[in-house]
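K.L.:
Pasting a structure here, questions to come.
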Amino acid sequence: MTLFKICGLQTAEHAIFARECGATFLGFVFVNGVRRELSLSNAAELIEKYRSVCGDGGPSLVGLFADQPIDMVNEIIDKCGLDYVQLCGGEEIDYWAEIESKVIKQIRIDGSKERTEIVEWLNLEMDAIVSNNAIPLLDRYEAGQLGGTGKTFDWTITTGLAQGIEYILAGGLDPQNVSLAISTAHPWAVDVSSGVENQGNKDFCKIQKFSEAVNQNV
């Protein structure tokens with residue numbers, strides 16, 4: 001069964017609904033200057049409200065960061081009770097080791113390069129991440145953006161990856177294409193943000209349809 005993450009959550013109501021739909025991960029953005037950014041105080045309030053309804057347990061809470069000070073990241077982990085940190089910048093392995101939670105490390109796929117070059121590079125990147133007890137997340141590269149582009153990459157490149165690596169597939173997924181993405185790339189989990197939004201806001205109906213599409217691949 002493919003797991004899924006609803007990312008870029010900004011309200012407790014959407015977090016609660018994502019949990020009810022079977023999400024394994026709930027994502028909150030702390031990256032400076034991006035549209036879905038939450039402050040520490042807003043995130044803590046949101047998560048407290050979510051926990052007051054749902055209690056402990058359930059989906060893992062994931063905070064997204066990019067090249068931010070370790071002390072700040074660990075403070076947010078502590079204050080918000082995060083289970084994972086998703087690193088979206090140029091953080092090196094030494095940085096990951098100081099994170100006081102489990103780590104998801106984003107890899108951005110540049111589709112302008114030759115397929116064989118991408119596959120060779122990607123295998124090396126994923127091996128380094130897994131060897132350091134982190135989870136790879138594959139997203140599309142777009143110049144000047146850290147992710148959340150709403151655009152896909154060529155999922156068939158994953159057929160050249162080493163077998164048995166658990167990774168998360170992101171980038172342009174939505175209720176209409178996620179089933180094909182899963183059957184093509186066979187990821188451990190899939191990640192969606194803009195694909196379950198309507199005019200920039202999370203949409204209950206789209207979250208439900210996404211979860212249904214993922215669960216068709218059992």
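Each reported figure results from applying straightforward, stated rules to the coordinates on display, with no laboratory input. A quick note: this is a predicted structure, and the numbers were derived from the prediction, not measured. Note: ideal-geometry Cβ built from the backbone for every residue, glycine included; neighbour counts use all protein chains shown.
K.L.:
Starting from the Cα of Asn198, step 7 Å along the direction of its Cβ; do the same at Arg115; then give the gap between the two resulting points in nm.
P.N.:
In this crude label model, Asn198 to Arg115 measures out at 3.9 nm.
K.L.:
Right, here's the next one. Relative contact order for the chain using alpha-carbon pairs under 8 Å, separation at least 6, rounded to a whole percent?
P.N.:
Details: 402 pairs, mean separation 44.0, N = 218.
Dividing the mean separation by the residue count of the chain yields 20 percent.
K.L.:
Here's something else I'd like to know. Place a point 7 Å from the Cα of Glu100 along the Cα-to-Cβ direction; which residues of region 58-92 have their backbone N under 14 Å from it?
P.N.:
70-85
K.L.:
Another question, if that's okay. For a label point 7 Å from the Cα of Asp78 along Cα→C-beta, name the residues of region 25-50 whose backbone N is under 16 Å from it.
P.N.:
40-41, 44
K.L.:
Order 35-48, 173-186 from most to least packed using the mean count of other Cβ atoms within 10 Å.
P.N.:
Per-residue Cβ counts within 10 Å, averaged per peptide and sorted highest first, yield 173-186, 35-48.
K.L.:
Mind checking which of Asn198, Gly171, Phe65 is farthest towards the positive end of the chain's charge dipole, using Cβ charges of +1 (Lys, Arg) and -1 (Asp, Glu) about the Cα centre?
P.N.:
So the residue we want is Asn198.
K.L.:
Mean Kyte-Doolittle hydropathy of -1.0 or higher plus an axial Cα length of 18 Å or more: which whole DSSP H helices in the chain meet both? It would help to have the intermediate numbers written out before the result.
P.N.:
Numbers: long enough: 40-54 (20 Å, 0.04); 115-131 (24 Å, 0.25).
TM-like helix candidates: 40-54, 115-131.
K.L.:
For Gly89, which sequence-distant residues (separation of 5 or more, or a different chain) have an amide H within less than 5 Å of its own amide H, given hydrogens modelled in the peptide plane?
P.N.:
Asp67
K.L.:
Suppose every K and R has +1 on its Cβ and every D and E has -1 on its Cβ; what is the size of the dipole of region 1-99 about the Cα centre, in Debye to the nearest 20? Display every interim value, and only then the final one.
P.N.:
Numbers: 7 positive and 15 negative charges, 111 e Å.
Dipole size: approximately 540 debye.
K.L.:
To continue, here is another question. Taking just the alpha-carbon atoms of the chain, what radius of gyration and Dmax come out, in angstrom?
P.N.:
16.3, 50
K.L.:
What order do you get for 189-198, 106-115, 86-95 when each peptide is scored by the mean count of other beta carbon atoms within 10 Å, highest first?
P.N.:
Details: 189-198: 22.4, 106-115: 14.4, 86-95: 16.7.
The packing order, highest mean first, is 189-198, 86-95, 106-115.
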